[in-house]
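> Sharing a structure below in structure tokens format, with a few things to ask.
The values are calculated or read from the model by the stated rules, or taken from the named source; none is laboratory data. Bear in mind the structure is a predicted one, so any value in this text is a computation, not a measurement. No Cβ is skipped: glycine too gets one built from the backbone with ideal geometry, and neighbour counts run over all protein chains shown. We work out accessible area using only protein heavy atoms, side chains counted, and drop any ligands, DNA or RNA first. Shrake-Rupley method; radii C 1.70, N 1.55, O 1.52, S 1.80 Å.
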Amino acid sequence: MIEKMWYGKNRLFWLFMPFSLLYGLIAFVRHSLYQLGIFKSWRSPVPIIVIGNLSVGGNGKTPLVVGLIESLKQKGLQVGVVSRGYGGKADSYPLILDNTTTTEQAGDEPVLIFQRTNVPVAVSPHRAEAVQALLKQYELDVILTDDGLQHYALSRDIEVVVVDGKRLFGNGWWMPAGPMRERKGRLKSVDLIIINGDSVNNLAQQYPNKTYTMQLTPLYAVNLLTKEKKALSSLQNIYAIAGISNPKRFFNMLINMQTDVVKTVSFADHQKFTLPLLNNVASSEQTLLMTEKDAVKCRQFAQKNWWYLPIDAVIPVEAIDQICLLLAKTKSQRE
């Protein structure tokens with residue numbers, strides 16, 4: 001129902017409109033209080049890059065974060081990451097991840113980023129505390145904030161917004177009548193706009209010097225238990241699952257690649273998986289295929305017929321160059 005209302009037509013839209021207007025008013029007042037200096041923002045001694053969304057999840061933010069980390073590392077920069085750690089519950093915060101940290105403690109995305117990139121990652125509801133914790137232990141050149149575009153308590157030097165190339169901004173309204181955390185006009189003040197996938201839109205014409213398109217490219221299938229890597233085309237009798245914001249994107253990608261998908265099963269975003277739950281989806285004679293985000297929650301009870309599909313973000317070189325130029329400008333301003 002919500003998806004149809006946000007990205008299609010549904011009469012319930014008008015029922016939710018008063019709540020959306022209230023949400024928008026609160027968001028505007030809160031942002032204004034930070035801009036006026038009434039609410040204080042903490043400024044990090046090293047540059048902060050925020051990678052976030054204007055709309056609710058499923059835009060490809062986490063693959064972009066991973067891709068930016070790898071690109072900045074290739075430039076010789078020491079990179080750290082902070083996150084809210086949505087879905088996790090640690091005994092205390094800030095929490096710096098290590099090889100024993102679970103998704104129950106830190107949330108799905110931070111664990112995925114840590115395992116993929118091996119850079120320092122810290123989570124905390126107060127991101128400034130996470131930044132401070134990282135800087136006490138590591139010498140870093142730049143820190144990426146995974147999400148947090150609307151977390152104005154942490155001052156930022158560069159803002160990058162990810163946009164779903166197909167769904168764009170839906171009906172354009174604030175939650176809950178629409179998918180927006182902030183309205184489209186916020187794009188005027190951000191530094192880069194990254195469109196996930198090809199899209200027929202005029203964003204590039206509206207913001208010609210800061211809009212780029214990235215592509216998400218599937219890699220090889222990886223076995224959760226043995227770490228074996230195989231071409232996706234070699235897997236047969238696939239039962240695909242996805243517990244992410246936009247499962248259809250994952251399933252459509254598999255279909256477009258002409259894989260042997262027998263059945264697809266969608267779960268809620270940040271779904272907590274158990275062995276009995278997944279055994280009910282696919283038997284030991286069938287192939288269970290999941291996203292990398294789901295896989296980080298299933299390693300402790302993985303079975304030999306379970307596989308996941310890592311995704312790489314192909315980011316234009318021009319976008320990376322522009323971020324590096326902005327970082328250099330920030331550094332010179334701080335000196």
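> So, I38, is that one touching a helix residue (DSSP H, G or I) at 6+ places or on another chain (Cβ under 8 Å) and modelled with pLDDT of 90 or more or not?
Judged against the criteria, I38 is not a match.
> Continuing with the same structure: I need a count of the residues in segment 45-56 that are in contact with a Ser or Thr (Cβ under 7 Å, 6 or more places away or on another chain) and of a type in the set (S, T, N, Q).
Here the count works out to 0.
> Hey, another quick one. I need the full set of residues from segment 244-254 which are open to solvent by 40 Å² or more (accessible area, probe 1.4 Å) and touching a Gly at 6+ places or on another chain (Cβ under 6 Å), in order please.
Result: S245, single match.
> Would you call V46 more than 26 Å from Q215 (Cα to Cα), buried (at least 18 other Cβ atoms within 10 Å of the Cβ), modelled with pLDDT of 90 or more and in contact with a strand residue (DSSP E or B) (Cβ under 8 Å, 6 or more places away or on another chain)? Give the derivation first.
Working: more than 26 Å from Q215 (Cα to Cα): yes; buried (at least 18 other Cβ atoms within 10 Å of the Cβ): yes; modelled with pLDDT of 90 or more: yes; in contact with a strand residue (DSSP E or B) (Cβ under 8 Å, 6 or more places away or on another chain): yes.
Yes.
> Scan (1) in contact with a Cys (Cβ under 9 Å, 6 or more places away or on another chain); (2) open to solvent by 20 Å² or more (accessible area, probe 1.4 Å) for the single condition L72 breaks and write down its number.
So L72 meets the others, but not (2).
> Pick from segment 112-121 the residues that are in contact with a Ser or Thr (Cβ under 8 Å, 6 or more places away or on another chain) and either in a strand (DSSP E or B) or without any contact (Cβ under 8 Å) to a residue 40 or more places away in the chain (or both): which of them is surrounded by the most Cβ atoms within 10 Å (Cβ to Cβ)?
Going through the qualifying residues, I end up with V121.
> Next question, about the same structure. Find the helices (runs of 4 or more DSSP H) located wholly in segment 1-111 whose residues include 2 or more that are under 29 Å from Q132 (Cβ atoms), and list them.
Hits in segment 1-111: 13-35, 61-74, 103-106.
> Considering only residues of segment 123-154 that are assigned to a loop (DSSP other than H, G, I, E, B) and among the hydrophobic types (A, V, I, L, M, F, W, C), which is nearest to Y34 (Cα to Cα)?
Top of the filtered list is A153.
> Would you be able to tell me the number of residues in segment 75-94 that are on the phi < 0 side of the Ramachandran plot and crowded, with 24+ Cβ neighbours inside 10 Å?
So the count comes out to 4.
> Further, regarding this structure: Give segment 310-328 a look and list any residue that's part of a strand (DSSP E or B) and either open to solvent by 30 Å² or more (accessible area, probe 1.4 Å) or more than 28 Å from I244 (Cβ to Cβ) (or both), or say none.
Within segment 310-328, I311, D312, V314 qualify.
> In segment 198-243, which residues are open to solvent by 10 Å² or more (accessible area, probe 1.4 Å), small (G, A, S) and in contact with a strand residue (DSSP E or B) (Cβ under 6 Å, 6 or more places away or on another chain)?
A204
> Moving to a separate point now. Under 9 Å between Cβ atoms, which residue pairs at least 6 apart in sequence (or on different chains) link something in segment 291-302 that is free of Cβ contacts under 8 Å to residues at least 60 places away in the same chain and over 17 Å from N246 (Cβ atoms) with a partner that is crowded, with 18+ Cβ neighbours inside 10 Å and not charged (D, E, K, R)?
Pairs that qualify, where the first residue is free of Cβ contacts under 8 Å to residues at least 60 places away in the same chain and over 17 Å from N246 (Cβ atoms) and the partner is crowded, with 18+ Cβ neighbours inside 10 Å and not charged (D, E, K, R), are F301/F273; F301/L278.
> Sticking with this structure for a sec: Please verify whether L25 is surrounded by 13 or more Cβ atoms within 10 Å (Cβ to Cβ) and among the hydrophobic types (A, V, I, L, M, F, W, C), treating the condition exactly as stated.
Against the criterion (surrounded by 13 or more Cβ atoms within 10 Å (Cβ to Cβ) and among the hydrophobic types (A, V, I, L, M, F, W, C)), L25 does not qualify.
> Just checking, how many residues over segment 209-229 are under 21 Å from V314 (Cα atoms) and touching a residue at least 60 places away in the same chain (Cβ under 8 Å)?
Here is the first cut: in segment 209-229, the residues under 21 Å from V314 (Cα atoms) are 209-222, 229.
Add one more test, that the residue is touching a residue at least 60 places away in the same chain (Cβ under 8 Å), and what stays is 210, 212-222.
Adding up the residues that qualify gives 12.
> Now a separate question. Name the single residue, out of those in segment 255-291 being open to solvent by 20 Å² or more (accessible area, probe 1.4 Å) and under 17 Å from the mean Cα position of the chain (by Cα), that is farthest from V111 (Cα to Cα).
Step by step, filter segment 255-291, then rank; the result is A268.
> Looking at D147, D157, which is the one that is over 18 Å from the mean Cα position of the chain (by Cα), closer than 24 Å to G67 by Cα and open to solvent by 10 Å² or more (accessible area, probe 1.4 Å)?
So the residue among D147, D157 that is over 18 Å from the mean Cα position of the chain (by Cα), closer than 24 Å to G67 by Cα and open to solvent by 10 Å² or more (accessible area, probe 1.4 Å) is D157.
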